[in-house]
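The values are calculated or read from the model by the stated rules, or taken from the named source; none is laboratory data. Values in this document were obtained by computation on a predicted structure and should not be read as measured data. Cβ placement follows ideal geometry from the backbone for every residue including glycine, while neighbour counts extend to all protein chains displayed. For the accessible areas, the whole protein counts, side chains as well, though only heavy atoms, and no ligand, DNA or RNA atoms are used. Shrake-Rupley method; radii C 1.70, N 1.55, O 1.52, S 1.80 Å.
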Amino acid sequence: MMRRGLAGQRLVAAFLGGALLFNYPVLSLLDRSEPFFGMPMLWACLFIVWAALIAVVAWIAERGAR
Amino acid sequence: MLSGTVVVAASFAYLLLLFAVAWYGDRRAEQGRSIIANPWTYAMSLAVYCTAWTYFGSVGRAASGGVWFLPIYLGPTLAMSLSWLVLLKMIRISRTYRITSIADFIASRYGKSHLLGGLVTIIAVVGMVPYIALQLKAISSGYSVLTGSDDSGVFPFAASSWFNDGTLYVALTLALFTVLFGARHLDAAERHEGMVAAIAFESVVKLLAFLVIGGFVTWGVYEGFGDIFARAFANPELAPLLSLKTASSAGYGGWFALTLLAMLSVIFLPRQFQVTVVENVNEQHLRRAVWLFPGYLLLINIFVLPIALGGLLYFGRGTVDPDTFVLSLPLAHGERALALLAFIGGLSAATGMVIVETIAVSTMVCNDLVMPLLLSTERFKRSDHPDLTGLLLGIRRGAIVVVLLLGYLYFRLAGEAYALVSIGLISFAAVAQFAPAMLGGMYWRGGTREGAFAGLLAGFVVWAYTLMLPSVAKSGWLDRSFLDNGLFGLEYLQPEQLFGLAGLDSISHALFWSLTANIACYVLVSLARVPTGQEATQATLFVDVFSRGQDAPATFWRGSAQVQDLQPLVARFLGAERARRMFESYARERGLARIDELKPDAGLVQFAETQLAGAIGSASARVMVSSVVQEEPLGLDEVMDILDEASQVRAYSRELEEKSQALEEATAELRAANERLKELDRLKDDFMSSVTHELRTPLTSIRAFSEMLLDDPEIDLKDRMRFLGIIVSETERLTRLVNQVLDMAKIESGHAEWHNTDIDMRELVGHAVETTEQLFRDRGAVLELDLPDQAPHLRADHDRVLQVLLNLISNAAKFVPDDAGVARVRLSCEAGQLRVDVSDNGPGIAPGQLGVIFEKFRQGGDEHSRPQGTGLGLPISRQIVEHFGGRLWVQSRAGEGATFSFVLPLSPEAGDGPDHAMT
Amino acid sequence: MAKKILIADDEQNIVISLEFLMKREGYEVSVANDGDEAARRIRAEKPDLVLLDVMMPKKSGFEVCQEVKSNPELQSVRILMLTAKGRDTEVAKGLALGADAYMTKPFSTKELVERVRSMLAER
């Protein structure tokens, strides 16, 4: 089971990382007025971090399946 | 604009399609070929989280608050990454104890309490009502935008009275479909495969529809993301939406509160509990849902901000309700089909939510509110109502209708004043109240019934006072004065600035106070007393669910029961036929042929109670079971004793298991060793017996002749000489035998000395032939010699190899026929080895004898031809050859002579015995 | 009339010594070198006594003994078994199969002669 295994611990680490990146003060660093490749910096960065977090979680969960 | 008929017809067609999917799913489930038993369907069914709120409301939220629609989806992403800690345990607990709702979960955990179950149900109903109202509002306003019946789109049909309000009929239609989906028949595990299939299907529909609209707005109306954002940046009204600080006054604290709220909601919303926990087919499916569901959330949110900005840029602020941009943007561009698709997507999101939510809530209402009340009346406890399955179904259907009507009522009362998202958040905050009792119950053994009750009640009251009542008051149905002046005019009781706490948005404010009150009451009241036996039992079963087996609950029951009482009890609630099947399969699992053979033990009582719990909730099941069995309640001390005992027993049994395994291994080793010893013993016995025989035979002759010579001095000289000759030859035989036995023993025990030197086999073979030539001459036989011109030297013991050669050649001499005997000795060089063949034209060896002639004391030939020999020559020769890493074998056919051959390697790997020549 | 004795043994030297001893006692002696021959000669010659070695090729002394004792026509044949395997089990087996006496090799010639004489005098 993944519950106690390495994958479980990795998922908790991913959660902590996500919680850090999605909150103050890291969030305030992304909140800038200048555009990011023509898109709002905050909006773009949130989606990028979000996608990255999902990718990491997917990697951990599916890898643990093996 | 579209005609109402088209929209209504399309909506019904879609609902029927959903129902067809559900029907197909149910059919496949009955055939045992489930279509929901895969991780993809499971993950898609979790997306029931995305309702009309997401579909319409997020755009509205983004139009007023920019990125502030996002925390509602970031929270679930974070929560899912913790699902291995939380959800997996919830799934395991619920499956093990047949828990079918959150109310049941909490009631069961805190000692199967009716009171708690009822309170949780009330919170769930009250909390979900605004949420269901939100869906109704979305559908009706969507309809009016689509048909153009009301330009403002906020309040459809401008209904003057309830009976010609279309929203009422929407609610009733949804109630009908929900009954069809979820309450057609009774399922002991509360599983609805068809419904899950339909939900997974609608999740796909709403995602695709939303992506199509998003694509249309982004690339059809505008020229991509860059274009929309560039225009927004340039617009001084819209530019603030692109930053977190400027878009809302809530600040980072509010952002955190929303994220936390969404995290809790994705776990504790009744419909999420239903699809995630109750409808879970396989725990392993969670593995994929952990990332697929967040991925779904990400996809459905990509176009939210572009649509919101696009709508604002197109319509300007204040003309069109941003909640309906998804519909009004395609309509404004004449894309009526696209608008209808968007509406179907929204309808899909709303119906999915309503169906699952009301089914979940109706299960709670039936099991944790109505049944306990009914069962508390004496009439129902007695069994004059033999079959209550119809009643159960009726209660559930009624609950579904009532919940939807309550939603409609709230929609009429408060729907006007609020945007979709604000309504939804009120429900989220209500659901968050379950978190302390649920999470505490799963990880902390100390929580008590009173603690959970106090926490839930406090949280609920604070929630109602700080969120629910203000929402009603703001709609004008309550006197607003308490909002501004506080209850009884007490300023510190202002609902939205409780105790003067200002600077938070209303949601964060309510969440802070309600959760604080909830957690504080839960913990402090729980700590006021030690848990009772029943609470401690349930606490252990929940907290240690992974380390305890299925049968653990039985440990905690003491009493006596009758199968004849239990089976009819289960039958009352589940139907006689199904109860019989359940008991039969339970009996089969225990290897019994019939139900009557079942022992009415703790396990059976537990089984019956678990089956009932699935249908009527754990608390009611407890009451019903205890009404038909005699049982003694366990005190805390007894439970603790059982727990200690159980853990000790577990430790002992583990130790015992390890020891017995070690013992088994040791036994096996001993047995093998014993077998080897026995075999050796048998060999030794055989050997000793053979040696004895071989020694006694010559001794017999020697003694007989000696005694005869001694007793009878008158034996004539000829006989006397003959007898003495025999005595001498038998003595020689005896000597030879003793020598060979000793030799054999030395070689076998490894004590033989090996004097290795470089030996020339040509010279050695020649020497052996010379030595034995006389034997052949005596028998009139010929010995031929075939040597190569030269042969490499090899390293071995000269005398031992000579011994082998002499043995083989003298054997040949013994077996060649008289006067016509021919023997041939041949030395040849092969790759890396030297080969010697000694062949004769004797009688040969019968096939059956080929194997045994190398065994000790087995001589070849029949009695007449059997020459003098000890039967040890060949075994010794073979030992010597093998000592030098070579091989000795024989080829023969009866009547055609025999060829004994051996090879010796030029560089022996084996046989590095003490090399005396080197020292 | 001289008593007939069959000597059944595969060891030539033992046969020679037994033959010499028996002839000296005045018995009529014939010789068999293996189990088969022994059984054949017993059936054909119906000797009064057989000196039967246990370890013989083709047929063991035990088998020959069993054959003789199960044949009602050969009831009068006495059997004295000789064995070089001195284990008690062998003795017990021989007696159980109906041997009239049992002697272990190497035997005392005097005792052997005494035993043969007494066995032949029993009837």
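Summary of values
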read-out	value
Two-site FRET efficiency, residue B:906 against residue C:36, from Cβ-Cβ distance with R₀ of 51 Å, rounded to 0.05	0.55
Inter-label distance for residue B:720 and residue B:889, nm, one decimal - labels placed 7 Å from Cα along Cα-to-Cβ	5.7 nm
Antiparallel DSSP beta bridges within the protein assembly as shown, as percent of all bridges there, nearest 5	55 percent
Label-point gap, in nm, between residue B:528 and residue B:665 - each point 7 angstrom along Cα→Cβ	5.7 nm
Between region B:200-232 and region C:80-109, the alpha-carbon center distance in angstrom	110 Å
Separation of alpha-carbon centers, region B:306-356 and region B:256-283, rounded to whole Å	27 Å
Inter-chain shielding of B:76-83 (mean C-beta neighbours from other protein chains, 10 Å cut-off)	6
Burial ranking of peptide ranges B:671-677, B:222-228, B:294-300, B:133-139 (average Cβ count within 10 Å, highest at the top)	B:133-139, B:294-300, B:222-228, B:671-677
Sequence-separation-based contact order of chain C, relative, with Cα cut under 8 Å and 6+ spacing, percent	23 percent
Length added when fully stretched, residue B:680-residue B:577, from 0.36 nm per residue minus Cα-Cα	30.3 nm
Heavy-atom SASA rank of A:20, B:116 (probe 1.4 Å, accessible area, largest first)	A:20, B:116
Modelled FRET efficiency - R0 51 Å, residue C:113 with residue B:767, Cβ distances, 0.05 increments	0.50
Listed peptides B:27-39, B:53-65 by packing density, highest first (mean Cβ within 10 Å)	B:53-65, B:27-39
Extension gain, residue B:729 back to residue B:40 (0.36 nm per residue minus Cα-Cα distance, nm)	238.5 nm
Whole-Hz ³J(HN,Hα) from phi, Karplus 6.51 cos²θ - 1.76 cosθ + 1.60, for region B:529-538, glycine and proline x	8, 6, x, 6, x, 4, 5, 5, 4, 5
Accessible area buried at the B-A interface, both sides summed, 1.4 Å probe (Å², nearest 100)	3400 Å²
Net charge contributed by nearby residues that have their C-beta within less than 14 Å of residue B:824 (K/R +1, D/E -1)	-4
Counted charge near residue B:118, where neighbours are those whose Cβ lies closer than 12 Å (Asp, Glu -1; Lys, Arg +1)	-2
Length-normalised contact order for region B:638-743 - Cα pairs under 8 Å, 6+ apart - percent	26 percent
Separation of alpha-carbon centers, region A:2-66 and region B:650-720, rounded to whole Å	79 Å
Label-point separation in nm, residue B:445 to residue B:474, each point 7 Å along Cα→Cβ	4.6 nm
For chain B: relative contact order, % (alpha-carbon pairs under 8 angstrom, 6 or more apart)	14 percent
Diffusion coefficient, µm² s⁻¹, Stokes-Einstein with Kirkwood Rh over alpha-carbon pairs of the protein assembly as shown at 4 °C and 1.567 mPa s	34 µm²/s
Exposure ranking of B:767, B:793 by accessible area [1.4 Å probe, largest first]	B:793, B:767
Förster-model FRET efficiency, 25 Å R0, residue B:774 and residue B:738, C-beta, rounded to 0.05	0.55
Region B:277-292 - phi-based ³J(HN,Hα) in whole Hz, Karplus 6.51/-1.76/1.60, Gly and Pro as x	9, 5, 8, 5, 8, 8, 4, 5, 5, 4, 4, 7, 4, 3, 10, 5
Hull shadow area, averaged, chain B [alpha-carbon convex hull, nm²]	67.0 nm²
Heavy atoms of residue C:27 accessible to a 1.4 Å probe, total area in Å² rounded to 10	40 Å²
Surrounding net charge for residue C:16, when Lys and Arg each add one and Asp and Glu each subtract one, Cβ distance under 12 Å	-3
Carbon plus sulfur fraction of accessible area for region B:751-917, probe 1.4 Å, in percent	47 percent
